[in-house]
Amino acid sequence: MSKEGYDLVVVANRLPVDFSVSDDGQITWTRSPGGLVTALGPVMQGADGAWVGWSGAVDVEHAPFDADGVWLVPVSLSEAEVEFYYEGFANDTLWPLYHDVIETPTYHRLWWDAYRKVNRRFAEAAAAQAAPGAIVWVHDYQLQLVPALLRELRPDVRIGFFNHIPFPPLEIFAQLPWRSQVVHGLLGADLIGFQRESDAANFVRSVRRFTDLTTRGEVITVTEDNGLRRHVRAAAFPISIDSRHFDRLARSPAVAARALAIRAEIGNPDVMLLGVDRLDYTKGIRHRIKAFGELLQDGRLTVPTVTLVQVASPSRETVGAYMQLREDVELLVGRINGEYGHLGNAPICYLHHSYPPEEMAALYVAADVMLVTALRDGMNLVAKEYVAARSDERGVLVLSEFTGAADELAGAVFINPHDIDGMKDKIVSAVEMDVREQRKRMRRLRRRVIEDDVEKWSQSFLAVLSAVPEHEVPT
Ligand code: G6P
């Protein structure tokens, strides 16, 4: 660590590694796969960077340590904090509220208290790591109070915030009993990034409703207690993936061989449909499987000609709505397989696992049609990974209008997942699409995904943040 601290500090709920501590205090860690790590890893290593985050374990206190040139600063959470701050306020209040109340959000004052307390802990940890005038980049809905708390502690640093999930319309956000505290928490930042223009616009509308501040376009003017005036910008910075890396991976002979093996393992169907999601109620997995089941029932798709491979990676398994979702999905899959399957031929191959990037790339290369049917999604990086993996310019992306990715990925076949009949027709048109049309669409998709990669995303955000001028003193 340089004596005065780090020039770039990332603050996120999770550290970019999974680590465990042995009885004698030795740490073993492995990089946890994920977009943010890939995006920021190179920037961090080159920039004297520190990363403040939770290890994912309960009550693990550990001193900061170096991992591949990045200084990792673990923030500890007690059992009650995991329950109230993480499972409760983050994932049972904010998550459903910000995703158009697909599930009903729960409002508990005890959870809010824990959220405030934990956000303060993250802010203090970040304040302790930042060099004078450093850039601190705070991530996602779990930490919306950190910008203002950090500004109190360290008025010298430039603070960016990026919201990875949607920001809801005013009429929905208004439900939150602590809406103005959240807005003021975010306004501690100099730059607030969102996935879509409409998320940024929703936020600015909430600022106008729940504060007395002046806004002009995407700029909000904040006057501090000490009379200093700051301009906060709220703008869209759609996130992406490490497209070239994924493209290379998918072209490797090992992945190509594995893709063929996958097709063989599922009985060499004429058409393989693929769904890849965290097992989350925002992803529209129930709607997708229902539509697929009806297509089998109608005889528009048949077994064993068509197989749906559904990867549903385990997620937030202690939160009630996620337990219920798993029950529902597994019941539906069981019914459809029981009804339409034969010995050795199940129409749905359901996998409740997570897989490494090599296996994901092989699944994408193997799939003729990729189904992304989210009811609401900040971006959806699976859609971009599928495109990056298809250097053969084959395959069809069926994409929900309710994803951030839909704003960027013209060339997809768009669906409204609530409209089951419409979705069925679009799935059939994707299955039947001729090769020329597939190629035309995939070329268009690839131009966008390969060009706008995650490095461009982080650089453009950091460039705007670095250009934030010194605070103005009122005249
Ligand atoms: C979404 C959120 C991330 C979160 C991830 C996994 O992508 O935007 O902030 O880390 O889901 O969820 P988890 O609760 O396991 O961290």
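The values are calculated or read from the model by the stated rules, or taken from the named source; none is laboratory data. Note that the coordinates shown come from a computational prediction; the quantities given were computed from them, not determined experimentally. When we count neighbours, we look across all protein chains shown, and the Cβ atoms used for this are built from the backbone with ideal geometry, even at glycine. We work out accessible area using only protein heavy atoms, side chains counted, and drop any ligands, DNA or RNA first. Shrake-Rupley method; radii C 1.70, N 1.55, O 1.52, S 1.80 Å.
Side notes on the structure shown:
- Screening region 245-257 for residues that are surrounded by fewer than 18 Cβ atoms within 10 Å (Cβ to Cβ) and not small (Gly, Ala, Ser) and picking the one that is farthest from ILE450 (Cα to Cα) gives PRO253.
- Failed condition for TYR322, given (1) within 16 Å of the ligand (Cβ to nearest atom); (2) open to solvent by 40 Å² or more (accessible area, probe 1.4 Å): (2)
- Considering (1) small (Gly, Ala, Ser); (2) surrounded by fewer than 20 Cβ atoms within 10 Å (Cβ to Cβ); (3) within 30 Å of GLY88 (Cβ to Cβ), the lone condition that GLY284 does not fulfil carries the number (2).
- Just one residue in the set GLN297, GLN310 is of a type outside the set (D, E, K, R), modelled with pLDDT of 95 or more and crowded, with 22+ Cβ neighbours inside 10 Å; that residue is GLN310.
- Members of region 261-281 found to be open to solvent by 10 Å² or more (accessible area, probe 1.4 Å), among the small types (Gly, Ala, Ser) and within 22 Å of PRO357 (Cα to Cα), listed by number: ALA261, ALA264
- Yes/no for VAL222 being outside any loop (DSSP other than H, G, I, E, B), farther than 22 Å from TRP95 by Cβ and more than 16 Å from the ligand (Cβ to nearest atom): yes
- Cβ-Cβ under 8 Å pairs, at least 6 apart or on other chains, region 206-218 side open to solvent by 100 Å² or more (accessible area, probe 1.4 Å), far side not charged (D, E, K, R): ARG208/THR215; ARG209/LEU170; ARG209/ALA174
- Count of region 164-192 residues which are surrounded by 22 or more Cβ atoms within 10 Å (Cβ to Cβ), in contact with a Gly (Cβ under 7 Å, 6 or more places away or on another chain) and within 30 Å of GLY133 (Cβ to Cβ): 3
- Whichever residue in region 231-251 is part of a strand (DSSP E or B) and of a type outside the set (A, V, I, L, M) and, among such residues, is farthest from the chain's Cα centre (by Cα): HIS231
- Lone qualifier among PRO356, PRO304 - being more than 30 Å from the chain's Cα centre (by Cα), touching a residue at least 12 places away in the same chain (Cβ under 8 Å) and either open to solvent by 40 Å² or more (accessible area, probe 1.4 Å) or within 16 Å of the ligand (Cβ to nearest atom) (or both): PRO304
- Some residue of region 180-193 being among the acidic types (Asp, Glu), outside any loop (DSSP other than H, G, I, E, B) and touching a residue at least 40 places away in the same chain (Cβ under 8 Å): no
- If you go through region 112-147 and keep only what is within 15 Å of the ligand (Cβ to nearest atom) and open to solvent by 10 Å² or more (accessible area, probe 1.4 Å), you end up with ASP140, GLN142.
- Residue satisfying condition, being surrounded by 20 or more Cβ atoms within 10 Å (Cβ to Cβ) and more than 13 Å from the ligand (Cβ to nearest atom), within set VAL52, VAL43: VAL52
The rows are residues; the columns are (1) out of contact with any Asp or Glu (no Cβ under 9 Å at 6 or more places or on another chain); (2) open to solvent by less than 40 Å² (accessible area, probe 1.4 Å); (3) within 15 Å of ALA291 (Cα to Cα); (4) within 16 Å of the ligand (Cβ to nearest atom).
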| site | (1), (2), (3), (4) |
| --- | --- |
| PRO314 | yes, no, no, yes |
| GLU317 | yes, no, no, yes |
| TYR340 | yes, no, yes, no |
| ALA362 | yes, yes, no, no |
| VAL369 | yes, yes, yes, no |
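- Of all positions in region 90-99, at least one carries a residue that is within 16 Å of the ligand (Cβ to nearest atom) and open to solvent by 20 Å² or more (accessible area, probe 1.4 Å).
- Some residue of region 326-338 being within 16 Å of the ligand (Cβ to nearest atom), open to solvent by 20 Å² or more (accessible area, probe 1.4 Å) and either within 15 Å of GLY284 (Cα to Cα) or in contact with a strand residue (DSSP E or B) (Cβ under 9 Å, 6 or more places away or on another chain) (or both): yes
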